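Participant: Below are the structure tokens for one structure; questions will follow.
The values are calculated or read from the model by the stated rules, or taken from the named source; none is laboratory data. Since the model is a prediction, treat every value here as computed from it, not as a measurement. Because the Cβ atoms are built from the backbone with ideal geometry, glycine has one as well, and the counts that use them run over all protein chains shown. These area figures cover heavy atoms from the full protein model, side chains too; ligands, DNA and RNA do not enter into them. Shrake-Rupley method; radii C 1.70, N 1.55, O 1.52, S 1.80 Å.
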Amino acid sequence: MAETNPQLAHTGHDSQVSVEGLEKNSDQQSKELSDAELEDAEKAGKPTPNPLTDPKSFPEGGAKAWLTVAGASACLFVSFGWINCVGVFQQYYQTHQLKEYTTSDVSWIPALQIFFMLFGGSFVGRIYDQYGPRYLLLVGTFLHVFGLMMTSISSKYYQLLLSQAICSPIGASMVFYPAFTCASTWFFEKRGAALGLVVAGSSLGGVIFPIMIIHLIPEVGFGWTLRICAFLILALLTFANLTVRSRIPPMKRPFSLMAFIRPLKVPSFSLLTAAVFFFYWGMFVPFTFIVVEAQSHGMSLRLANYLVPILNAASIIGRTVPNAIADKVGRFNVMVVMSSFTTILILALWLPATGNAAIIVFAALFGIASGAGIGLTPALCAQVSPIQEIGIRTGTIFTIAAFAALTGSPIGGQIIGDTHDGSFRYAKVFGGVSCAIATALFIITRINLAGFKMTKI
């Protein structure tokens with residue numbers, strides 16, 4: 001390994017070394033590391049000797065860092081924020097274009113939306129590690145907007161699947177992952193808080209998009225509602241393309257299937273992946289069915305539709321405050337608390353809830369609890385990953401979680417359809433038990449990393 005330039009070793013908020021200088025000289029300062037070298041360094045518990053990835057070299061702020069956070073937040077607004085309003089579309093399609101289809105059939109549209117946005121993680125992560133964020137953001141912008149434009153003229157089941165459930169979320173995936181990864185490269189000590197601000201964009205999108213849809217469809221129709229949303233997405237992604245940058249230059253390495261499999265050999269990473277899988281398996285059941293479930297108890301359609309923005313508005317708190325606290329007391333510690341809270345809410349509040357007040361309270365509290373789970377996932381992944389592999393590792397976790405998102409809602413819909421009275425009771429139990437298993441796995445992961453000591457982890 002080449003010697004570290006003393007000028008590069010000098011880091012901190014008062015450093016005069018520019019990011020461009022670091023990037024320009026990175027090839028001269030360090031050799032590319034092979035998969036084996038990365039694995040050996042990780043097993044030894046030693047940081048890889050790269051001046052760009054030394055914890056002390058992270059700027060922890062500055063114009064480029066905060067512009068990246070702002071652009072990344074816009075990416076989350078239009079990707080996960082759009083996905084967050086699946087409950088509105090589930091209800092609308094069941095009563096309009098797809099009213100002849102079963103609940104389980106219709107639920108494949110939101111399930112596939114979530115799946116394709118998350119499943120692209122490994123591939124997008126690999127492309128990001130090789131080439132950086134620029135081309136991903138450009139192609140993702142086109143596919144996301146084009147998919148929604150096609151949705152606006154769709155009326156058949158297969159048309160909605162191709163446009164809204166496949167094309168659009170693939171584009172959303174290409175802007176979702178670079179947003180997280182780029183923001184992570186600028187912060188180390190403040191990473192939880194920074195990523196909390198990024199993820200807050202998804203909550204804001206989950207508030208604004210449902211309200212837009214609820215008010216615009218009666219006034220301008222379904223088609224123009226989708227087009228207006230697509231134009232807003234285009235504007236925000238234009239801003240993101242201009243601002244989202246990575247501090248770490250791309251590291252081109254030959255394609256290797258082991259690059260995807262190798263992280264799963266690390267116990268802490270494989271346990272974390274399993275925990276996220278079960279958490280997402282149960283968490284998306286309320287997201288998908290909260291509107292139609294509330295209507296089954298007599299809640300008016302207008303109030304039921306507002307449960308989605310209520311849930312997402314509350315999740316702004318869940319995706320920012322716990323992340324900031326996590327930087328102080330430990331990210332795994334906070335995740336254990338919030339996943340436990342999510343489980344309790346589903347099984348102890350949503351399961352027996354029948355009145356409007358109880359369902360509204362559940363929506364607000366569930367937004368806080370589940371928001372923390374989503375917001376902390378990339379921070380937990382970064383904590384157990386070398387920074388050079390953060391793109392592919394974040395992608396690997398979300399790719400595996402995509403199968404949970406793909407199957408969770410249809411399983412819930414099938415459970416509802418199999419009950420003689422269309423009850424949501426056992427679908428709620430399925431969601432709650434899945435989150436309980438996730439909580440147990442988060443605890444086991446924490447023990448694997450730090451034992452039983454009450455320490456920051």
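Participant: Give the range 73-121 a look and list any residue that's assigned to a helix (DSSP H, G or I), closer than 30 Å to residue 389 by Cα and small (Gly, Ala, Ser), or say none.
Facilitator: 73, 74, 81, 111, 121
Participant: Can you find a residue that is over 14 Å from the mean Cα position of the chain (by Cα) and modelled with pLDDT under 90 anywhere in the range 161-170?
Facilitator: no
Participant: Kindly indicate whether residue 346 is β-branched (Val, Ile, Thr), surrounded by 23 or more Cβ atoms within 10 Å (Cβ to Cβ) and more than 19 Å from the chain's Cα centre (by Cα).
Facilitator: On the way: β-branched (Val, Ile, Thr): yes; surrounded by 23 or more Cβ atoms within 10 Å (Cβ to Cβ): yes; more than 19 Å from the chain's Cα centre (by Cα): yes.
When the stated conditions are applied, residue 346 passes them.
Participant: Let me ask something else about it. Is there any pair linking a residue in the range 100-119 that is at pLDDT below 85 to one that is open to solvent by 30 Å² or more (accessible area, probe 1.4 Å) and in a helix (DSSP H, G or I), with Cβ under 6 Å and at least six apart or on different chains, and which?
Facilitator: 103/417; 104/414; 104/417
Participant: Among the candidates 260, 289, 279, 269, which residue alone is touching a residue at least 60 places away in the same chain (Cβ under 8 Å) and open to solvent by 10 Å² or more (accessible area, probe 1.4 Å)?
Facilitator: Details: 289 fails: open to solvent by 10 Å² or more (accessible area, probe 1.4 Å); 279 fails: open to solvent by 10 Å² or more (accessible area, probe 1.4 Å); 269 fails: open to solvent by 10 Å² or more (accessible area, probe 1.4 Å).
None of the other options fit; the residue is 260.
Participant: Can you name the number of the only condition in (1) small (Gly, Ala, Ser); (2) surrounded by fewer than 24 Cβ atoms within 10 Å (Cβ to Cβ); (3) within 18 Å of the chain's Cα centre (by Cα) that residue 155 fails?
Facilitator: (3)
Participant: Could you look through the range 310-321, keep only residues that are open to solvent by 10 Å² or more (accessible area, probe 1.4 Å) and assigned to a helix (DSSP H, G or I), and pick out the one that is farthest from residue 197 (Cα to Cα)?
Facilitator: The first filter runs over the range 310-321 and keeps only residues open to solvent by 10 Å² or more (accessible area, probe 1.4 Å), leaving 310, 313-314, 316-317, 320-321.
Checking the rest, the ones that are also assigned to a helix (DSSP H, G or I) come to 310, 313-314, 316-317, 321.
On the way: 310: 19, 313: 14, 314: 14, 316: 9, 317: 10, 321: 9 Å.
So, considering only residues that are open to solvent by 10 Å² or more (accessible area, probe 1.4 Å) and assigned to a helix (DSSP H, G or I), the one farthest from residue 197 (Cα to Cα) is 310.
Participant: From the list 240, 194, 230, which one is closer than 20 Å to residue 155 by Cβ, buried (at least 17 other Cβ atoms within 10 Å of the Cβ) and in contact (Cβ under 8 Å) with a residue 60 or more places away in the chain? Don't jump to the end; show me each part of the working.
Facilitator: Values: 240 fails: closer than 20 Å to residue 155 by Cβ; 194 fails: closer than 20 Å to residue 155 by Cβ.
Unique residue meeting the criteria: 230.
Residues checked against (1) buried (at least 21 other Cβ atoms within 10 Å of the Cβ); (2) assigned to a helix (DSSP H, G or I):
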site	(1), (2)
334	yes, yes
337	no, yes
352	no, no
363	yes, yes
369	yes, yes
408	yes, yes
413	yes, yes
426	no, yes
